[in-house]
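Participant: Sending over a structure as structure tokens; questions will come in a sec.
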Amino acid sequence: MAGKRKIGRGVAIVGAGMSNFGMFPDKDSKDLFAEAFRELLDSVDKGLDPRDIQAIWIGNFSNDFFVHQAHWGPIIADLTGLAPRAVTRTEGACASSTLAVRDGIMAIASGMYDIVLAGGVEEMSKRTTEEVTEGLALATSPYEGDAGFTFPGVFGALANAYFHKYGANREHLMNVTIKSHENAPLNPKGQFKQTIRDLMEARKEKARKKGLPVPDWADEKEALFDPTFNPPVAWPMHLFDCCPISDGASCVLLVAEELAKNFTDDPVYIVGFGQGSGRGLHACPSLTSFEANKQAAAEAYGMSGLKPSDIQFAEVHDCFSIAELIHIEDLGFFGEGEAYKAVAEGETRREGRMPINTSGGLKCKGHPVGATGVAQMYEVWKQLRGEAGERQIPGRDLHIGATQNLGGTGGTCTFTIFERR
């Protein structure tokens with residue numbers, strides 16, 4: 001049962017960095033992490049001597065498979081000039097870097113360290129789409145894998161169950177996709193920077209130049225219903241329901257709460273953290289909810305003393321459009337079977353009641369799996385400090401934000417709550 005334990009010693013984020021996300025044939029994981037780490041150093045308002053960092057946790061799911069290089073901890077320690085300090089690699093599939101932060105929190109809370117670097121990296125684009133699909137499927141449960149499930153297949157099954165239970169349909173998934181793409185052009189580090197309408201116009205222009213019939217879509221949904229624009233992947237998941245293959249890195253600097261003002265007058269405090277585990281589709285009690293989400297949420301809400309209505313915005317793990325709907329129900333932002341209606345009414349847009357994935361989400365920002373969890377925290381750090389530029393949530397005095405990160409097919413879920421005081 002999730003309890004109401006408090007962190008024994010407060011922890012704050014005083015610096016954050018993120019590489020550009022995308023497919024970079026000329027960059028490797030070291031290049032990407034260096035890019036994120038340099039931004040982190042520059043982000044510490046009162047400066048940081050890197051030699052003061054006492055330990056490192058680095059999340060990585062499967063560079064072993066993607067680039068045939070394992071044991072990334074010491075490679076990152078050497079890269080950042082922090083060797084021979086202690087470094088540990090964490091693996092939680094797509095939640096790997098959030099687990100790095102979790103370990104950093106516990107290390108500081110225990111009193112073992114005061115200043116910790118936590119982050120993640122993944123390099124996926126050097127493999128073909130088929131190979132990446134095979135590599136990611138290593139994070140399915142053995143029963144799912146033996147049955148031939150890949151990730152689009154798993155989330156397609158969840159979408160069908162959601163449709164059947166609540167009466168939603170593909171058009172409701174499109175509302176998630178369109179919203180994410182509307183945020184995408186506002187994130188300079190994101191992989192995709194086009195709205196759906198931008199992509200429609202590009203396709204029309206390409207047809208004109210080739211002398212081919214020009215599509216006459218009236219709006220975004222008409223294009224998304226067109227299989228030549230948005231082909232099926234695993235019913236009802238189509239191309240624009242799925243996040244891309246990505247390279248990228250991210251990191252945050254964690255310090256003991258009593259030291260935070262030595263680094264910045266505007267720290268972001270971690271006030272709640274929860275983690276849960278799931279049993280796979282064959283044994284989970286519901287196909288329209290992740291039990292690990294609910295465990296993680298209960299733990300984080302209990303630790304922070306906050307409730308869902310206190311959260312002002314969140315980044316959630318939208319690896320597929322259906323996942324965003326399930327997560328925002330599991331976390332209590334919307335009632336069961338209500339999320340698809342709320343998205344349709346614009347409640348999750350930047351100007352809506354509960355902005356979700358202002359970064360563009362995994363769908364548009366990109367999803368280098370080992371870096372994703374901390375990249376979500378990077379967005380919350382930016383939003384809470386009012387540094388998100390054009391994508392800053394308008395007209396709100398932000399104090400409380402949250403991130404939800406999923407690993408595998410729900411085998412690992414985390415929920416983290418942040419506060420600017």
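The values are calculated or read from the model by the stated rules, or taken from the named source; none is laboratory data. Note that the coordinates shown come from a computational prediction; the quantities given were computed from them, not determined experimentally. Positions of Cβ are generated from backbone atoms using ideal geometry, with glycine treated the same way; all protein chains shown enter the neighbour counts. SASA here: full protein model, heavy atoms, side chains in, ligands and nucleic acids out. Shrake-Rupley method; radii C 1.70, N 1.55, O 1.52, S 1.80 Å.
Participant: Within segment 386-395, which residues are open to solvent by less than 30 Å² (accessible area, probe 1.4 Å) and either charged (D, E, K, R) or in a helix (DSSP H, G or I) (or both)?
Facilitator: Initial filter on segment 386-395 (open to solvent by less than 30 Å² (accessible area, probe 1.4 Å)): 388, 391, 393.
ARG391 - this is the single residue of segment 386-395 that is open to solvent by less than 30 Å² (accessible area, probe 1.4 Å) and either charged (D, E, K, R) or in a helix (DSSP H, G or I) (or both).
Participant: Further question: Scan segment 83-109 residue by residue and report those that are among the aliphatic types (A, V, I, L, M) and without any contact (Cβ under 8 Å) to a residue 40 or more places away in the chain. Lay out the reasoning, then the answer.
Facilitator: Of segment 83-109, the ones among the aliphatic types (A, V, I, L, M) are 83, 86-87, 93, 95, 99-101, 105-109.
Residues satisfying the conditions are ALA83, ALA86, VAL87, MET106.
Participant: If we scan segment 68-78, do we find a residue that is of a type in the set (Asp, Glu) and without any contact (Cβ under 8 Å) to a residue 40 or more places away in the chain? It would help to see each step written out before you state the result.
Facilitator: Applying the first criterion (of a type in the set (Asp, Glu)) to segment 68-78 yields 78.
Still in the running and without any contact (Cβ under 8 Å) to a residue 40 or more places away in the chain: 78.
Looking for residues that are of a type in the set (Asp, Glu) and without any contact (Cβ under 8 Å) to a residue 40 or more places away in the chain, one finds at least one in segment 68-78, hence yes.
Participant: Continuing with the same structure: How many residues are over 15 Å from ALA371 (Cα atoms) and open to solvent by 10 Å² or more (accessible area, probe 1.4 Å) when one looks only at segment 50-63? It would help to see each step written out before you state the result.
Facilitator: To start, the set of residues in segment 50-63 that are over 15 Å from ALA371 (Cα atoms) comprises 50-55.
If we keep only those that are open to solvent by 10 Å² or more (accessible area, probe 1.4 Å) too, we end up with 50-52, 54.
Residues flagged as over 15 Å from ALA371 (Cα atoms) and open to solvent by 10 Å² or more (accessible area, probe 1.4 Å) within segment 50-63 amount to 4.
Participant: Which residues, counting only those in segment 294-309, are part of a helix (DSSP H, G or I), open to solvent by less than 50 Å² (accessible area, probe 1.4 Å) and either farther than 12 Å from GLN275 by Cβ or among the basic types (Lys, Arg) (or both)? Outline the logic, then answer.
Facilitator: First, the residues of segment 294-309 that are part of a helix (DSSP H, G or I): 294-304, 308-309.
Add one more test, that the residue is open to solvent by less than 50 Å² (accessible area, probe 1.4 Å), and what stays is 296-298, 300-304, 308.
If the condition is that a residue be part of a helix (DSSP H, G or I), open to solvent by less than 50 Å² (accessible area, probe 1.4 Å) and either farther than 12 Å from GLN275 by Cβ or among the basic types (Lys, Arg) (or both), then TYR301, GLY302, SER304, PRO308 are the ones that fit.
Participant: Kindly check whether there is at least one residue in segment 384-396 that is at pLDDT below 95 and under 13 Å from GLN312 (Cα atoms). Give the derivation first.
Facilitator: Keep residues of segment 384-396 that are at pLDDT below 95, which gives 395-396.
Cutting the leftovers down to under 13 Å from GLN312 (Cα atoms) gives us 395-396.
Looking through segment 384-396, at least one residue is at pLDDT below 95 and under 13 Å from GLN312 (Cα atoms).
Participant: Another one. For segment 396-421, how many residues meet the condition of being open to solvent by 10 Å² or more (accessible area, probe 1.4 Å) and either of a type outside the set (Val, Ile, Thr) or under 27 Å from PRO152 (Cβ atoms) (or both)?
Facilitator: Step one: of segment 396-421, the residues open to solvent by 10 Å² or more (accessible area, probe 1.4 Å) are 396-397, 399-400, 409, 411-412, 419-421.
Those still in the list that are either of a type outside the set (Val, Ile, Thr) or under 27 Å from PRO152 (Cβ atoms) (or both) too: 396-397, 399, 409, 411-412, 419-421.
The qualifying residues number 9.
Participant: Restricting to segment 323-353, give me the number of residues that are hydrophobic (A, V, I, L, M, F, W, C), touching a residue at least 40 places away in the same chain (Cβ under 8 Å) and either over 22 Å from HIS238 (Cα atoms) or crowded, with 24+ Cβ neighbours inside 10 Å (or both).
Facilitator: Taking segment 323-353 as the starting set, the residues that turn out to be hydrophobic (A, V, I, L, M, F, W, C) are 323, 325-326, 328, 331, 333-334, 339, 342-344.
Filter once more, so that each one left must be touching a residue at least 40 places away in the same chain (Cβ under 8 Å): 323, 325-326, 331, 343-344.
Checking the rest, the ones that are also either over 22 Å from HIS238 (Cα atoms) or crowded, with 24+ Cβ neighbours inside 10 Å (or both) come to 323, 325-326, 331, 343.
Of the residues in segment 323-353, 5 are hydrophobic (A, V, I, L, M, F, W, C), touching a residue at least 40 places away in the same chain (Cβ under 8 Å) and either over 22 Å from HIS238 (Cα atoms) or crowded, with 24+ Cβ neighbours inside 10 Å (or both).
Participant: Consider LYS261 against the criteria (1) more than 21 Å from the chain's Cα centre (by Cα); (2) free of Cβ contacts under 8 Å to residues at least 60 places away in the same chain; (3) surrounded by 19 or more Cβ atoms within 10 Å (Cβ to Cβ): it satisfies all of them except one. Which criterion is unmet?
Facilitator: Tallying (1) more than 21 Å from the chain's Cα centre (by Cα); (2) free of Cβ contacts under 8 Å to residues at least 60 places away in the same chain; (3) surrounded by 19 or more Cβ atoms within 10 Å (Cβ to Cβ), LYS261 fails exactly one: (3).
Participant: Let me ask you something else. Taking the condition of being open to solvent by 40 Å² or more (accessible area, probe 1.4 Å) and out of contact with any Ser or Thr (no Cβ under 7 Å at 6 or more places or on another chain), how many residues in segment 26-49 meet it?
Facilitator: Number of matching residues: 10.
Participant: What helices (runs of 4 or more DSSP H), lying completely within segment 110-170, carry at least 3 residues that are touching a Cys at 6+ places or on another chain (Cβ under 8 Å)?
Facilitator: Details: elements: 129-136, 142-146, 151-166.
Helices (runs of 4 or more DSSP H) meeting the threshold: 151-166.
Participant: Which residues, taken from segment 264-293, are assigned to a strand (DSSP E or B) and open to solvent by 30 Å² or more (accessible area, probe 1.4 Å)? First the steps, then the outcome.
Facilitator: Going through segment 264-293, the residues assigned to a strand (DSSP E or B) turn out to be 268-277.
Within segment 264-293, GLN275, SER277 meet the criteria.
Participant: What are the pairs, 6+ residues apart or on separate chains, where a residue within segment 13-31 that is free of Cβ contacts under 8 Å to residues at least 60 places away in the same chain and under 30 Å from ILE270 (Cβ atoms) has its Cβ under 9 Å from a residue that is open to solvent by 10 Å² or more (accessible area, probe 1.4 Å) and in a loop (DSSP other than H, G, I, E, B)?
Facilitator: Close Cβ pairs satisfying both conditions: ASP31/PHE24.
Participant: Looking only at segment 1-39, count every residue that is assigned to a loop (DSSP other than H, G, I, E, B), under 19 Å from ILE53 (Cβ atoms) and of a type in the set (Phe, Trp, Tyr) and tell me the total. Can you show your working first?
Facilitator: Filtering segment 1-39 for residues assigned to a loop (DSSP other than H, G, I, E, B) gives 1-10, 19-21, 23-28.
Applying the additional criterion that residues be under 19 Å from ILE53 (Cβ atoms) yields 9-10, 19.
Then drop every residue that is not of a type in the set (Phe, Trp, Tyr), which leaves none.
Matching residues across segment 1-39 total 0.
Participant: Answer yes if at least one residue in segment 393-409 is without any contact (Cβ under 8 Å) to a residue 60 or more places away in the chain and either in contact with a Lys or Arg (Cβ under 7 Å, 6 or more places away or on another chain) or of a type outside the set (Asp, Glu) (or both), and no otherwise.
Facilitator: Of segment 393-409, the ones without any contact (Cβ under 8 Å) to a residue 60 or more places away in the chain are 394-395, 397.
Filter once more, keeping what is either in contact with a Lys or Arg (Cβ under 7 Å, 6 or more places away or on another chain) or of a type outside the set (Asp, Glu) (or both): 394-395.
Looking for residues that are without any contact (Cβ under 8 Å) to a residue 60 or more places away in the chain and either in contact with a Lys or Arg (Cβ under 7 Å, 6 or more places away or on another chain) or of a type outside the set (Asp, Glu) (or both), one finds at least one in segment 393-409, hence yes.
Participant: Restricting attention to segment 357-365, does a residue exist that is in contact with a strand residue (DSSP E or B) (Cβ under 6 Å, 6 or more places away or on another chain), under 16 Å from PHE155 (Cα atoms), assigned to a helix (DSSP H, G or I) and at pLDDT 95 or above?
Facilitator: No - not one qualifying residue is present in segment 357-365.
Participant: Right, something else. Is it fair to say ARG89 is open to solvent by 10 Å² or more (accessible area, probe 1.4 Å) and assigned to a strand (DSSP E or B)?
Facilitator: Values: open to solvent by 10 Å² or more (accessible area, probe 1.4 Å): yes; assigned to a strand (DSSP E or B): yes.
Yes: the conditions hold for ARG89.
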